[in-house]
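Below: one structure, written as structure tokens.
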Amino acid sequence: MKIIHAKSYADLSRKAANIISAQVILKPNCVLGLATGSTPLGTYKQLIEWYNKDDIDFSQVTTFNLDEYVGLDPADPQSYHAYMRENLFDHVNLRKNAVHVPDGMVEDLADACKRYDALIQSHGGIDLQLLGIGKNGHIAFNEPGEAFEKDTHIVTLETSTLQANRRFFGTEEDMPKHAITMGIRMIMQAKKILLIADGESKRDILNKALYGPISAQVPASILQLHPDLTVVCHVEDKT
Ligand code: F6R
């Protein structure tokens, strides 16, 4: 495990974008696993900036996102589909058919989960998986207490996750209560993992995840067993 302490959020974003950029340079047709949330916003912004300077080319890259809310149309501005279009896909030369976000609108969700895993496998798995971490230790939407060996599946979101993400919705009632998420098994099969964490509110959970016992109560703790984990964090106490 490599832990890189960034000086600021901007520094974290540059460092994470550098690692992604290196992956794309080394393997132009790589498969990237992507995350949503607040933390990767600066990373995506940096990648777009470098794309505009002709420093990075996504034309052969394939992407798979970690998760999506169940029941939100891809056109819904709160959907992770919309987030990805707004914050990355619409601004770089990723091919339209090379970007994948789980579909939370299909009738047969169990089948959609199976097809998502099969599609990732058919691309040879994920070369580099970008992850954020929830305050309760979740990665993707794998909430505490879930089995580590799950594949893509449907989850009921925890109250703390609903509260953390409520800022994007009008009220908690408006929020979808379920999500489709890549499972920990697939995440752990990624060849490289890049975990990013920003802010003091993530310090305790990051410590537990990286140095505490490996436990389903802290889903991110399983990452200690990954052979190629890089953590870029900015979680210092400013005092
Ligand atoms: C998002 C995702 C989540 C977030 C986590 C942290 O696709 O899978 O696990 O990475 O909730 O979110 P932020 O970055 O908003 O603190």
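The values are calculated or read from the model by the stated rules, or taken from the named source; none is laboratory data. Since the model is a prediction, treat every value here as computed from it, not as a measurement. For neighbour counting, all protein chains shown are included, and Cβ atoms are generated from backbone atoms with ideal geometry for every residue, glycine included.
Here are a few things to note about the model shown:
- Scanning the range 31-73 for residues that are within 23 Å of THR156 (Cβ to Cβ) and of a type in the set (Phe, Trp, Tyr), we see that the one that is farthest from the chain's Cα centre (by Cα) is TYR69.
- Residue pairs whose Cβ atoms lie under 6 Å apart, sitting 6 or more positions apart in sequence or on different chains, and linking a residue in the range 86-113 that is part of a loop (DSSP other than H, G, I, E, B) to a partner that is buried (at least 19 other Cβ atoms within 10 Å of the Cβ) and of a type in the set (D, E, K, R), are VAL101/GLU68; PRO102/GLU68; GLY104/GLU68.
- Answer from ARG185, ARG167 - the residue that is closer than 24 Å to LEU12 by Cβ and of a type in the set (Lys, Arg): ARG167
- Qualifying positions in the range 163-186 - assigned to a loop (DSSP other than H, G, I, E, B) and under 24 Å from LEU225 (Cα atoms): MET182, GLY183
- Yes/no for SER215 being surrounded by fewer than 18 Cβ atoms within 10 Å (Cβ to Cβ), of a type outside the set (A, V, I, L, M) and away from the ligand (no atom under 12 Å from the Cβ): yes
- Residues that are away from the ligand (no atom under 12 Å from the Cβ) and either within 28 Å of HIS5 (Cβ to Cβ) or crowded, with 18+ Cβ neighbours inside 10 Å (or both) within the range 165-181 comprise MET175, PRO176, listed in sequence order.
- Residues (touching a His at 6+ places or on another chain (Cβ under 9 Å) and of a type in the set (D, E, K, R)) located in the range 203-239: GLU236
- Selection status of ILE184, within 11 Å of the ligand (Cβ to nearest atom) and of a type in the set (Val, Ile, Thr): no
- Exactly one residue out of LEU128, LEU162, LEU157 is crowded, with 18+ Cβ neighbours inside 10 Å, closer than 22 Å to PRO74 by Cβ and more than 9 Å from the ligand (Cβ to nearest atom), and it is LEU157.
- Residues located in the range 142-154, provided they are part of a loop (DSSP other than H, G, I, E, B), within 14 Å of the ligand (Cβ to nearest atom) and either more than 22 Å from MET105 (Cα to Cα) or at pLDDT 95 or above (or both): PRO144, GLU146, THR152
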